[in-house]
Amino acid sequence: MILSTDFLLQGRKLIQDVNQPTEVDFRSAISRAYYSLYQETLNFLVVAHKQKMVSNINSYLVDVKHNVSYDNSKVQSLNIKYLHEIGVNVHETLRRVLMSLDRNLANDFLGFRDSRNEADYQINEDFSLDVQQVANELDEIEILIRSIKSL
């Protein structure tokens, strides 16, 4: 089994372990690093702010999805597989909970998600980053992880 921090380490390897990293390496490094951020944030919020997570999901299910017939015990346990099955967007839940805790950190989180989306989905658009720029972005993600874990 891997750890969420392994994604960030893999991102670093992709840009450091080759003589000349390619655009694919840069894009993959950013994508892997974002998933480290996502998993670390999810793991932290589930432990440190579980009630905010549950409350946010309950509100979303009732107010937005108009779903009142969900299995509350699975929501209370934050069963991620079940949450996906009933249409809960976990990325969006993390964003909403982070917004309630610290708007700046939430905005940074969203910015890195946008970077990941660009890296993974906008393959026909220019992606002109160099090794140092990608390394800086990975450093910023690592700093954000530490900041989120201090909430």
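The values are calculated or read from the model by the stated rules, or taken from the named source; none is laboratory data. In this text the structure is predicted, and so the values were computed from the model without any measurement. Cβ sites come from the backbone with ideal geometry, for glycine too, and all protein chains shown count toward neighbours.
Key figures for this structure:
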read-out	value
Region 24-43 residues that are under 12 Å from Phe127 (Cβ atoms), paired with ones that are among the small types (Gly, Ala, Ser) (beta carbon under 6 Å, 6 or more apart)	Arg27/Ala119; Ala29/Gly11; Ile30/Ser115; Ile30/Ala119; Ser31/Ala119
For Phe127: the one exception among (1) in contact with an Asp or Glu (Cβ under 8 Å, 6 or more places away or on another chain); (2) surrounded by 13 or more Cβ atoms within 10 Å (Cβ to Cβ); (3) part of a loop (DSSP other than H, G, I, E, B); (4) free of Cβ contacts under 8 Å to residues at least 24 places away in the same chain	(4)
Residue within region 106-116 that is at pLDDT 95 or above, not β-branched (Val, Ile, Thr) and not in a helix (DSSP H, G or I) present	no
Complete set of residues in region 19-56 that are of a type in the set (S, T, N, Q) and either in contact with a Lys or Arg (Cβ under 8 Å, 6 or more places away or on another chain) or at pLDDT below 95 (or both)	Asn19, Gln20, Thr22, Ser31, Asn56
Residue in region 61-68 that is crowded, with 18+ Cβ neighbours inside 10 Å, without any contact (Cβ under 8 Å) to a residue 24 or more places away in the chain and in a loop (DSSP other than H, G, I, E, B) present	no
Single unsatisfied condition, Ser77 versus (1) surrounded by 20 or more Cβ atoms within 10 Å (Cβ to Cβ); (2) more than 18 Å from Glu137 (Cβ to Cβ); (3) not aliphatic (A, V, I, L, M)	(1)
Answer residue from region 131-142, given it is touching a residue at least 60 places away in the same chain (Cβ under 8 Å) and of a type in the set (D, E, K, R) and is farthest from Asp25 (Cα to Cα) among those	Glu142
Residue in region 79-97 that is among the aliphatic types (A, V, I, L, M), farther than 30 Å from Ile15 by Cβ and part of a helix (DSSP H, G or I) present	yes
